[in-house]
Amino acid sequence: MQYRTLGRTGIQVSTLALGAMNFGAIGRTTQDEATAIVDAALEGGINLVDTADMYGQGESEVMVGQAVKNRRDDLVLATKATMPMGDERNHRGSSRRWLFKALDDSLRRLDVDHVDLYQVHRWDPTTSDEETLSALTDLQRAGKIRAFGSSTFPAYRIVQAQWAARENRLSRYVTEQPSYSILQRGIEAHVLPVAQEYGLGVLAWSPLASGWLSGAVRAGQEIATSRSKVLPQRFDLTDPVNRARLDAVEKLAKIAEQAGLSLIQLALGFVTAHPAVTSALIGPRTLGHLNSQLEAADTVLPADVLDELDAVVAPGVDLAAHEKFDTPPALLDPSLRRR
């Protein structure tokens, strides 16, 4: 396992980090299975565990808390807030009112007195940067969080938040957590350059592209991944976008074979090769998944292989742009781009 500094925090984290979204109802993972995955991840050198309050409506945090009990100081613990937690209209977003309650709820579920990294799960257009940053700064000063970051923010919102922190003499976001894979490279054109400019640590989620790069999605075989059952439209091969993805996967599989690598090693090695990326977040549902992904812990792709990947999916290009979560609202809602 390799280790890098998380932005400018001074915190050393593994280049593969454990995402806990599949713990609980989402991945049908029991507590014993979750604990076994955490045990094996730590044994394999992973030292960052990332979860969120909305994963299973708090279930993932409870499982993570049980799994890390008695070894809290041996790992970097991260969670997130702002996504809806129930139907109550104020139990979401990034207002001071909600963040204070959401963090207390997360600390209770995790059974800890602080988290190392607290992340705003999505940009909240109804709340000002000053409101959010002042709340996070106060939580940091209270010792409940050590650092805070953003997740899936558009590049212009990352910049705006940095300026708001400076102008109001507040602590700033020190990390960003974007979606990034060989098949979804759009952030190379805007988010990653901004992260480098401001010295942000980058924790890349979905490096296996929702299973497309796991080796389980290949031409001529039935697609039976857990994600394909939850989001079948993303794997419908009558869709030209998905056919293009499958064509790319077949080309990538050949590159991996020629390089003596698994497709998973190729995919994770690609993500961690970018100089802006600190860690790739893996989200195994089983121990088998984890072990196949840990094989990429020391994968370093040579320049000629990276050049071949550029020829399959060009830098800065998303093969499924409609699946992005950081698209400016005006591109999705016609009323926002018309007077």
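The values are calculated or read from the model by the stated rules, or taken from the named source; none is laboratory data. Predicted, not measured: the structure shown is a model, and the values here were computed from it. Don't worry about glycine lacking a Cβ; one is built from the backbone with ideal geometry, like all the others, and counts go over all protein chains shown. All accessible areas refer to the heavy atoms of the entire protein, side chains included, with ligands and DNA or RNA removed. Shrake-Rupley method; radii C 1.70, N 1.55, O 1.52, S 1.80 Å.
Residue-wise test of (1) more than 22 Å from Pro329 (Cβ to Cβ); (2) over 16 Å from the mean Cα position of the chain (by Cα); (3) not in a loop (DSSP other than H, G, I, E, B).
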{"position": "Gly143", "(1), (2), (3)": "yes, yes, no"}
{"position": "Trp163", "(1), (2), (3)": "no, yes, yes"}
{"position": "Glu197", "(1), (2), (3)": "yes, yes, yes"}
{"position": "Ser210", "(1), (2), (3)": "yes, no, yes"}
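Just checking: which of the helices (runs of 4 or more DSSP H) contained wholly in the range 253-337 hold 3 or more residues that are basic (Lys, Arg)?
Result: empty, no element qualifies.
All but one of (1) under 22 Å from Gly269 (Cα atoms); (2) in contact with a strand residue (DSSP E or B) (Cβ under 7 Å, 6 or more places away or on another chain); (3) of a type outside the set (Gly, Ala, Ser) hold for Val300; which doesn't?
(2)
Can you find even one residue in the range 275-292 that is closer than 28 Å to Pro240 by Cα, at pLDDT 95 or above, open to solvent by 60 Å² or more (accessible area, probe 1.4 Å) and not aromatic (Phe, Trp, Tyr)?
Among the residues of the range 275-292, not one is closer than 28 Å to Pro240 by Cα, at pLDDT 95 or above, open to solvent by 60 Å² or more (accessible area, probe 1.4 Å) and not aromatic (Phe, Trp, Tyr), which makes the answer no.
Among the residues of the range 41-56, are any in a helix (DSSP H, G or I), touching a Lys or Arg at 6+ places or on another chain (Cβ under 6 Å) and either in contact (Cβ under 8 Å) with a residue 40 or more places away in the chain or under 20 Å from Leu139 (Cβ atoms) (or both)?
no
Of the conditions (1) part of a loop (DSSP other than H, G, I, E, B); (2) more than 30 Å from Asp298 (Cβ to Cβ), Glu61 clears all except one; give me its number.
(1)
Being aliphatic (A, V, I, L, M), part of a loop (DSSP other than H, G, I, E, B) and at pLDDT 95 or above: is that true of Leu136 here?
In short, no.
Pick from Ala267, Ala330: which is open to solvent by less than 40 Å² (accessible area, probe 1.4 Å), over 19 Å from Asn47 (Cα atoms) and modelled with pLDDT under 95?
One residue alone meets the criteria, Ala330.
Within the range 136-156, can you find the residues that are surrounded by 19 or more Cβ atoms within 10 Å (Cβ to Cβ) and either acidic (Asp, Glu) or farther than 18 Å from Ala78 by Cβ (or both)?
Of everything in the range 136-156, those that are surrounded by 19 or more Cβ atoms within 10 Å (Cβ to Cβ) and either acidic (Asp, Glu) or farther than 18 Å from Ala78 by Cβ (or both) turn out to be Pro154, Ala155.
Do the conditions hold for Gly211, that is, is it closer than 29 Å to Thr15 by Cβ and either touching a residue at least 40 places away in the same chain (Cβ under 8 Å) or touching a strand residue (DSSP E or B) at 6+ places or on another chain (Cβ under 8 Å) (or both)?
no
Would you mention how many residues in the range 64-86 are of a type outside the set (A, V, I, L, M, F, W, C), buried (at least 19 other Cβ atoms within 10 Å of the Cβ) and not in a helix (DSSP H, G or I)?
Adding up the residues that qualify gives 3.
Just wondering, is there one or more residues in the range 117-127 that are surrounded by fewer than 15 Cβ atoms within 10 Å (Cβ to Cβ) and closer than 23 Å to Asp326 by Cβ?
Yes; the residues of the range 117-127 include at least one that is surrounded by fewer than 15 Cβ atoms within 10 Å (Cβ to Cβ) and closer than 23 Å to Asp326 by Cβ.
Filter the range 202-254 down to the residues that are out of contact with any helix residue (DSSP H, G or I) (no Cβ under 6 Å at 6 or more places or on another chain) and at positive phi, then identify the one that is least open to solvent (accessible area, probe 1.4 Å).
Ala209
Determine which member of the set Met54, Met21 is surrounded by 18 or more Cβ atoms within 10 Å (Cβ to Cβ), touching a Phe, Trp or Tyr at 6+ places or on another chain (Cβ under 6 Å), of a type in the set (A, V, I, L, M, F, W, C) and within 20 Å of Tyr118 (Cβ to Cβ).
Met21
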